[in-house]
Every structure is written in structure tokens, then in C-alpha cells.
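To start, the structure under review is shown below, and the notes come after it.
The values are calculated or read from the model by the stated rules, or taken from the named source; none is laboratory data. These figures come from a predicted structure and were not determined experimentally. Neighbour counts are summed over all protein chains in view; Cβ atoms, including those assigned to glycine, are modelled from backbone coordinates with ideal geometry.
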Amino acid sequence: MSKLEPIWQNLPLHFKSKCVQKLDYKSRCSLRKCSKLDMHIVDISPNNLNSLAINTYENYSFLSWSNDGDTVFSVKYFKNLGESDMKIEFSASPSVYLPGKNQKSIFKKSIFLENLDPDSDDLDFVLSDFKIAQKKLNCKKSIINDFILKEYHPIAHPDRTMEFRERLLNQMTSSGQKNQIKTEILHLKWHKNPQEIAEILKMFESKNLKKLEFSDRNATWQMAEITKTEQWIKAEQLWMEVMAEDLKIEDFRHFSEIQMHVRDLEEKDLWSVIQNFRSKNRYGASFHFTYRQGEPDLQRILATFNVIPDDKPIRAATQIRSILERRINHTQRFQLSNPDLILVVMIADKEVWGTVCHVANVDVEAKVETGMLR
Amino acid sequence: MAPKKNSAKRPQPSTPKPSAPARIVKVQSSDGHILQADVRALLLSSTLAATIKGYDDENKPLEKLEVNNVVGFTLKLVLEWCEKHKEDDPAIAQAEKDKKNIFIPSWDRHFLTKLPMGNLFDLITAAYHLDITGLINYGCKTVANSAKGKSTEEMRELFGIPEPWEQPSTSTATWDD
């Protein structure tokens, strides 16, 4: 029998695409560099990632991703305008560091590239790589202007952040970006500009987008543009670490999980939310409001209830839940039409929670951790 | 040893059932080699299954199947794989079709990784021609595993990709330079 040589370049496209789909992201990138045809195959093959994040800091830009959710790969790009050298720091870390059980860092290496265009900076490189990663992306979580792993990074200069946002927005909304990005969760850290945020939202496939996470901690957003988008209307979960100026209860009635900051929340609005969750009658549905300025007035809230106020605290089974439970001033249980389910509403000094639990499992399922452990 | 993930979903090794006697037919490769195979093994190929059904529907005796686009050496490998998997539930292969991470059972891992890359490519190409989902899944995953973690240069060598190509330096592939 004659010896057969590998004939990758002669193989059918769909076969190669199938192999590419089963590659980890870094190997895809290596293959992408082999030939023009391989670049094409990589670009047309679905890119299944657990998470993908882009951000910029004072001296570097940052791209990170996870293939499977267990390991997070990060690339830091250090390059100044006017220089032709670039330092790249490539590292891998476990997504959860357990002291004594795993290493905080799996590996870290630095690469120096020379003879690059002096007119380019690190933003050019990170944006280019982000664009490649987004081609045919099918991702559990896309993180824009934030990070996957919580670790220290120096905050970028405001001018640099503004430039990053402007260029990222231009890239994402340019005509070259044909396909909508498929992601289940979009985490967007952006500064108040409803039009920009609405434009970004529209880049994501609404059929896939289940959860919206917005972060702009000390800002107040106008939501009218955002709440009109199909992506807002079709999403099921909302996480807002930002105060919304003009958000009405009707705007978020459709969410089955809500976690948001509010300046204050009128008692009648809270009651409307409670009634909405009672009518949803859906196991696991929950809400959590953090009051940033006002405080929930317990007596006035209880006065809105159509049941007799009855404080029945949960019996926390773990030490941490027990500590967290201590901040709750009143726990009210509401019957639902499904007799197996119950809505547990908990009111603290600055927070109000609601969780639809199994009647028999209230002590375990009431989401007392929400708002504290993130 | 600790149990591995998703063990419930893992395909179980085939075990012959004490059922009806095997129905053996001849299979001829494109270069004229004649091999023998159990019809149950051949049914893993949607292409051959359709041909066999055609014969059965017309009550015609099936003496020999011709496989015109697979050479004898590769066809032997295909039949060996099908024989091993003839009792498998086809739903498992279908369910694994678009998954990034699939578990390759030890027999298949050994069977596929011992092949030189060229033979493996031929085998997967034959699996495509004959539409054998399970073999395509395991074959592609084996190719992906062999490329995993390799640099661009190592991939060129592994896959026999000829000329180096100057890609714009903005590529993420610079990481392995």
C-alpha cells in the first residue's frame, strides 16, 4: 500500500468546518493563520464559546474568553502610538480559584512583536481580534467593556475609555458586521447614551438573548430608546446596576428575573410587581430591588397588601444564609394559583426581594443571597 | 478512578444480542475489493440503508453492494467501525452531531488515533459519502483533538498545508508565534 499524505486542503469544506467547530478558540486562531482557505473556513464555522469579553485599561487593552466556562484565557495588548513594537501577555486561569485546590494561574507568557504599524495602538489590535471572535459567534455570555474574571485592573483614563467605546461601537455597527451575534447573556458596561446602547442591543440576535445586564453604577439612564428594542422586549431576565430615569413597571413586566437598582420605588409599584409575579406563577421567577436613595417603608408597603401582614422568616439552613437573612425585616408569603408554589417577599432596610419557590423548599430556595454575593 | 462527566449520555459498547442470525452481504469497493458485512452494521450508513431498503421493498435478493467512491483499504476500516457499532442507538450520534465536546469511547479513540492523518481524512471523507453520523462525529473530534494546542507551524505540518502565508499581523494567531 502506498503511503498516504495528509490532504487537508483537498478535503470537503463541510468536513473541515465540522472539525473547526470542535476546536478550542486558540487552536481556531492558529489554524486561521495557516492559509487563506483556512481563514475562510474558520470565519464561516460557528464559534461556540462560553464567554467573550473586551475592555481597555490605562496601559493596555484586554480580550478574554472561555471555551467551556472552566478556564479563562486572557490577552493583554500593550502598544503605544508611534511605536512599532507590541507586547502581548497571554494567560490562562481557572474561572473559579479555590485556594488549596487549584492554581490561581495556569500559565502566563509574554510575546514581543516587532515591525508593526507605528500608526496603530493596542485598541486597533484588540478591536480587530474581537471582530474575528464575533464572526459566527454563538456564546453563552458576551461582556462588553468589562471582564470575565474579577481581578484588579487600573481604570482607564476617561478620554481613552470614550475613544474605546466610540471605536467599538463603530466597529460593531458598521456595515461589515452582517450577522447578529448569538449570545444568551449580554453584559454591557457603558456610559449613559440610550441611542448607543440601543444600537449595540440591536447587534444581538433577540431569539438567543435571554438576559440583559447593564452596569453604569453611578449614572441615571433614560430608557425609552432601550425599552423599544426587540432585544429588551424578548429578553427574560434583567440585571441593572444603573438607575433608570423613566422606566415604568409596564416596561419590565415581562421579565421573569429582575435584579435592579432603583432610586426609590413607590409602594403601589412594588405591589404591582408582586401581583405580576403572583400571576406569573412560575417556579424560580424572582425580583430584587436595591434602593439607592430612598428606603422601603415597611408599614406603607404592608398597607398595600391584600393579605394580612404576617412575618414568617425563612429558616436558613446554612451559616451564610442565616447571616444574610438577619438583614430582613419582614418576610411575607403569598399563595399562588399553583398550590405547590409560593411567592416569598422579603423586605430589608435597603432591599426588597421576591422569589417563587416550592412550598416545601422555601428555606432553601428563597434567594436571600441576591444582591450580596456578586 | 473518579467517574467521568456525562457518563449517562455516553454511548455504551456494543454487545451482541442473541437475536436472529446475522444477514451477511458482500460489499465492493471502488477498486474492486470485495468485503463482507452484517446488514445491521451497514444500516449505520444512511446511504447504504436506503439502497438495502430498496432491495427489500422490491423483494430482490441482495448479493452485492457497490460502494463506488471508497477504496478497499478505507472501506475495510469503515466496515470494522460499523461492525463494532451495529447495536448503537442512532439517536446518540444524532444528539452529538453539533456538540463541541463529545466523549470518544476508548475503542474508538484507539481505532482512530492509531491511523495516520491521511488515512483518518480518507475514513472521515468515506463516512461523509456514506453518511455515517457517529463516525463523522468521532472522526472530526479526533482531528480536532490532534490539532488542539498546536501552533500554526505545527498545524501546517500535521495537516500537510503547504506554503506559509503572510496574514495581516492583527490576527489573534500571533499568540503562538
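Tabulated results
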| read-out | value |
| --- | --- |
| Scope region A:247-272; condition assigned to a loop (DSSP other than H, G, I, E, B) and farther than 19 Å from residue A:217 by Cβ; matching residues | A:248, A:253, A:254, A:255, A:256, A:266 |
| Yes/no for residue A:52 being within 10 Å of chain B (Cβ to nearest Cβ), crowded, with 20+ Cβ neighbours inside 10 Å, touching a residue at least 24 places away in the same chain (Cβ under 8 Å) and not small (Gly, Ala, Ser) | no |
| Condition broken by residue A:219, with the remaining ones in (1) under 15 Å from residue A:188 (Cα atoms); (2) in a helix (DSSP H, G or I) satisfied | (2) |
| Selected residue [within 14 Å of another protein chain (Cβ to nearest Cβ), at pLDDT 90 or above, outside any helix (DSSP H, G or I) and surrounded by 12 or more Cβ atoms within 10 Å (Cβ to Cβ)] from B:115, B:65, B:44, B:120 | B:115 |
| For residue A:58: the one exception among (1) facing chain B (nearest Cβ under 7 Å); (2) modelled with pLDDT under 90; (3) under 26 Å from the mean Cα position of the chain (by Cα) | (1) |
| Residue ID - nearest to the other protein chains (Cβ to nearest Cβ), chosen from residues in region A:128-152 that are charged (D, E, K, R) and surrounded by fewer than 21 Cβ atoms within 10 Å (Cβ to Cβ) | A:131 |
| Selection status of residue A:368, within 32 Å of the chain's Cα centre (by Cα), modelled with pLDDT under 90 and among the β-branched types (Val, Ile, Thr) | yes |
| Residue that is nearest to the other protein chains (Cβ to nearest Cβ), among those in region B:137-168 that are under 25 Å from residue A:91 (Cα atoms) and modelled with pLDDT under 85 | B:167 |
| The lone exception for residue B:100 - which of (1) facing chain A (nearest Cβ under 10 Å); (2) out of contact with any strand residue (DSSP E or B) (no Cβ under 6 Å at 6 or more places or on another chain) it fails | (2) |
| Check on residue A:52, under 30 Å from residue A:8 (Cα atoms) and at pLDDT 95 or above | yes |
| Region A:6-38: number of residues that are facing another protein chain (nearest Cβ under 7 Å), farther than 25 Å from residue B:96 by Cα and among the hydrophobic types (A, V, I, L, M, F, W, C) | 2 |
| Unique match (being closer than 22 Å to residue A:75 by Cβ and among the hydrophobic types (A, V, I, L, M, F, W, C)) among A:201, A:168 | A:168 |
